[in-house]
Structure formats: structure tokens, C-alpha cells
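The values are calculated or read from the model by the stated rules, or taken from the named source; none is laboratory data. Since the structure is predicted, the reported quantities are computational estimates derived from the model, not experimental observations. As a convention, Cβ positions derive from the backbone with ideal geometry for all residues, glycine included, and neighbour counts pool all protein chains shown.
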């Protein structure tokens, strides 16, 4: 399928002004201008973010109400239950709030449900459990915005519920004691980009202030916000929310915090996944640390992660990190088998791809890894993908979308067929009665046809700048590094090179191509790598267009790595 390339076109006047006041490479000035940065102050804050200038937590709706209730519960020794989610965002949020409230000797416990046996978010059986534990207050983190029945049941049992969440709310929200969700109506905080762990972090900011005003820190040592930045960063990057504004400032500081090696759990995970703590970046978090945390919830139980993250003993965290690594290996194998099964089905029945939508189910598929499998298939086939496990009467699964196609909104238009659904624009979970499965694809396809056009299904790659080989210098790459951490909302720059020849190349590691590239004049050369080639037998020696990323070589000082991207 032909890829559509889009090119940035920053305002040249802004670009030149930024280049002049920052004394930076024109490529960097263009990248900043493309992000909407127009002044020197804005640019300097982006390049050197200061998390002391964070948004006021009390601008979040219900924050005052929530922190006063938690203060009362702590003071009166009421039983508090922190109820979390089973992904990296949820377990870091659970660990963070538990760690904070433990400092003031709250009567505290935490709970994370089993992904497949219990499902997502606060449900009626969890209220029964809370009653048996004599819980007075439930605080949800990274979940709860759709838990209407559970909140009503809690009220009947005189249990207050404080919901902290960041998922898309329905038209009505649960009638909880307090609901902190930056996406709810009438919330003026402008913090919609926060992950669940981010909302929990702002709750801690509010609590810290109220505890200070009420003399709590005269009895206990007051913690610094920096103590929670490592967990904030793992959860925020793990949930792929935009790395902008407060998120960016906190993640920059959080990566520095992680590199200090102060949390045994993260030190052991880095060692197990062969990450150099001194050079750890957002890629290491995204591709090494987060998958290990997510694997526990998918293959075993996410409570392993909360125990791991809050454990102060290095020897114990070495053991639990090894377990998380093993679970992640199992997850990769299960995911691979499901994707291969689906690809065989598509090869045998191309009609599966009709309507630019894949909807499939199977009783043998492990529901816990269907989201990852759907992501892989959506990228390859450039269409939304819905995968479900149909073992029980109610099939459960995940969907992933592409480009600007809002799968959450499309699901909401077919809610009459669904038992439950929730999530975000690009990723959602759902459950469907077995008898409705055959009706699901036609219903989704009908909505898709109404809201999408042909261009929505073309693979799109944004080109940040066209460069030539002489432009590729250590100075440019070191300035690109100032834009880190990269992720959603702040993607790593992609550059286009034109009319490039391969002077020489070898295959290394069985599927990676190491090349020496030269321009048309033959006067300039650069080393490049192309990872994970699907076919190494027929390789081009000329590229009319070549997309690349530029990185600092971790192993050779003052050297540049040119990483070729798939076209």
C-alpha cells in the first residue's frame, strides 16, 4: 500500500527568529516552530522544562472535596482501599498513592483485579469484598469512570467512593463522593492529557498541601514530589498519553530520577532487560520496562507489579524482576501465535479485510494479549481491528485504530450491540454477547463508512525535514536529544533523504542490514542501520526516498547512528 508522506511547513519568520535567539540548528528551530512554539521563552521552557511551574491541582473538579475526605479518613483511622487497574499506568498509580498514604500511617490496603477473571474497573463483587474488609473509603486510580452500579452499591453500604480516572466518561458519571477526571464536563483544569498515574500525582499534590495546612507534616516527614516522579514517568509513557506541558516537564525530571537508581524495583528491571540506567530514555521505558509490567496483568496477576514497585529490598526485586521478564517472554510467544493464526485466516479468506475493518473472534485466543495483537495487525493492514475471545457467553476483547479514526466514538454508535465498552480514541475494550458477534462487523462498518474517507486509510508518515548527508553531524543529533523524551504528542523526528546510493552493506544478526550510504555526488558518506528486515534476499542499492531517524551512538562517543525506517 502506498504511503502518504506529509511535510512540516513551519512559519519561516518564526523559524529564523528561534534559530537566532537560541543559536540552534535550523532543523531544531523548524521542529520547535512546528510544535506551535513561537517565542524564546516558550522554546526555553520546552528545552529546559521546570516542573516547579505545574498546574494548580485544585483546578481539577472535585479535588478539594476529595482531599478533605481523605484527610478525614486518615485522621479518623478509617479503612481506605486503593483500587487500581492492571496495566502499567494502573499499577504505578496504585503504588504511588499507596506509598504516599503509607507515610502518614493511614489504615490502608490496595487491590488490583485479575484481568480475565474479574475484568476491568470497580464492580459489584469488589464492593462485597470491601464490605467484608470493613472498608470506609474506596479510592480508584486509573479506573472507575464507568462503574455506576458499583458506586451505587457502595453507597448502600455506607462506603464512600472517590474516583480518579482519565478515561473517556460517558454522558453521565457515577454518583460518587468525588470524581476527579480532567475529561469530565465542567472541569476547567485543562489537564486532559494526564494518564491515570498523572491524576493520582495531582491528587498527591493536593493532599500534600492539605496535610501541610492541617499540621500532618509536624508528625511525619513531608515527602518531596520528586520521590514519585519515577512512577509518574513509567505510567505516563506506558499509557502513551501526550508528552506535552506538565507531562513533559514531569517526565524529563522523572527520567533523571530513574537514572539515579533510587528505586530497587526499577534498578532490577533495567538490569534484567539489559538497560544502562545511566543512559535510560523513553525508548527503554516504552520497549523494555513497560512491557514487563504489562505482561504480569496479561499472563499472571498485576498485583506482582505493585508489590515489586513498592518493595525496598534489592534482593527481592531481583527475583520479581526475573519473574516479570519470564512472563513477558511468554506474552510475546502467545501474541505471536495469535497474529500468525489471524494472518493465515486472512491469506485463506481475503474478505476478512473487506470494509477496511477486521473483526474476528476465537474461543482459544487469550483475551489478555488481544490488544497488542490488534495493534500489530492495525499497523500492518492500516485499518481498525477488533479481536475477541468467545469462550464464554459474553465475548471480551480489544480494538485498536489508526490515523485519526476514533474507535471509541464508533463503538458508542453501536452500543446497543455491546454489553460494555470503554477506553480512548485509538484503543478500547469491549464485551459482546455471543449471539451479537455476527452483527458487530456490519454495524461498525456502517458507521465507519459514514465518518471516514479513502484518505483515512492511507498509512501516513510525517516528515519533519528533508536533509542531506552533510547535514548529519554530532552537533545536530545532540540538539535533537534536547527534544526528548519522545512519545505521543512529541514524536521522534523523521527525516527524508533523497537519491541515496548504497555503497556497501552486510547482514548482521540474521535480519539487520548495516550499510554505508552515499549521495549522488559520491563525495559524502554515512553509516546506517535498517533493523528487522522481513526479507534479506532482495535488497535495493538505490533509494529515491529514504526515511531515517538520527540518534547518538550509545557505544561510540561523538558518533551518529542513522536508523532507516520502513517505507
Selection from segment 106-143 of residues touching a strand residue (DSSP E or B) at 6+ places or on another chain (Cβ under 9 Å), surrounded by fewer than 17 Cβ atoms within 10 Å (Cβ to Cβ) and part of a helix (DSSP H, G or I) yields 129
Residue in segment 189-199 that is surrounded by the most Cβ atoms within 10 Å (Cβ to Cβ), counting only those that are in contact with a helix residue (DSSP H, G or I) (Cβ under 6 Å, 6 or more places away or on another chain) and part of a loop (DSSP other than H, G, I, E, B): 195
For segment 444-539, please list each of the strands (runs of 3 or more DSSP E) lying entirely inside it that holds at least 3 residues being modelled with pLDDT of 90 or more and crowded, with 16+ Cβ neighbours inside 10 Å. 495-508, 512-518, 525-530
Can you pull out every residue in segment 430-443 that is more than 20 Å from residue 371 (Cα to Cα) and crowded, with 17+ Cβ neighbours inside 10 Å? 443
Any chance segment 336-355 includes a residue that's surrounded by 15 or more Cβ atoms within 10 Å (Cβ to Cβ), modelled with pLDDT under 95, within 19 Å of residue 116 (Cα to Cα) and under 24 Å from the mean Cα position of the chain (by Cα)? no
Would you check if there is a residue in segment 144-160 being in a loop (DSSP other than H, G, I, E, B) and under 29 Å from residue 288 (Cα atoms)? yes
Before we move on, is residue 561 exposed (fewer than 15 other Cβ atoms within 10 Å of the Cβ) and modelled with pLDDT under 95? no
Checking residue 93 against (1) assigned to a helix (DSSP H, G or I); (2) modelled with pLDDT under 95: exactly one of these is not met. Which one? (2)
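A quick yes/no check of all residues on (1) touching a strand residue (DSSP E or B) at 6+ places or on another chain (Cβ under 9 Å); (2) part of a loop (DSSP other than H, G, I, E, B); (3) without any contact (Cβ under 8 Å) to a residue 60 or more places away in the chain; (4) over 20 Å from residue 56 (Cα atoms):
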| residue | (1), (2), (3), (4) |
| --- | --- |
| 222 | no, yes, yes, no |
| 235 | no, no, no, yes |
| 246 | no, no, no, no |
| 250 | no, no, no, no |
Consider residue 172 carefully, then state whether it is under 20 Å from residue 63 (Cα atoms), in a strand (DSSP E or B) and free of Cβ contacts under 8 Å to residues at least 60 places away in the same chain. no
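Report yes if residue 65 is in a loop (DSSP other than H, G, I, E, B) and modelled with pLDDT of 95 or more, otherwise no.
No.
Checking the conditions here, which among 103, 81 is out of contact with any strand residue (DSSP E or B) (no Cβ under 9 Å at 6 or more places or on another chain) and in the same structural domain as residue 227 (by TED's automatic domain parsing)?
Of the residues listed, the single one that is out of contact with any strand residue (DSSP E or B) (no Cβ under 9 Å at 6 or more places or on another chain) and in the same structural domain as residue 227 (by TED's automatic domain parsing) is 103.
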Tell me, please, whether a residue that is in a helix (DSSP H, G or I), surrounded by 22 or more Cβ atoms within 10 Å (Cβ to Cβ) and either touching a strand residue (DSSP E or B) at 6+ places or on another chain (Cβ under 6 Å) or not assigned by TED's automatic domain parsing to the domain that holds residue 114 (or both) can be found in segment 394-409. yes
Search result, residues across segment 415-429 that are buried (at least 20 other Cβ atoms within 10 Å of the Cβ) and within 19 Å of residue 356 (Cβ to Cβ): 426, 428
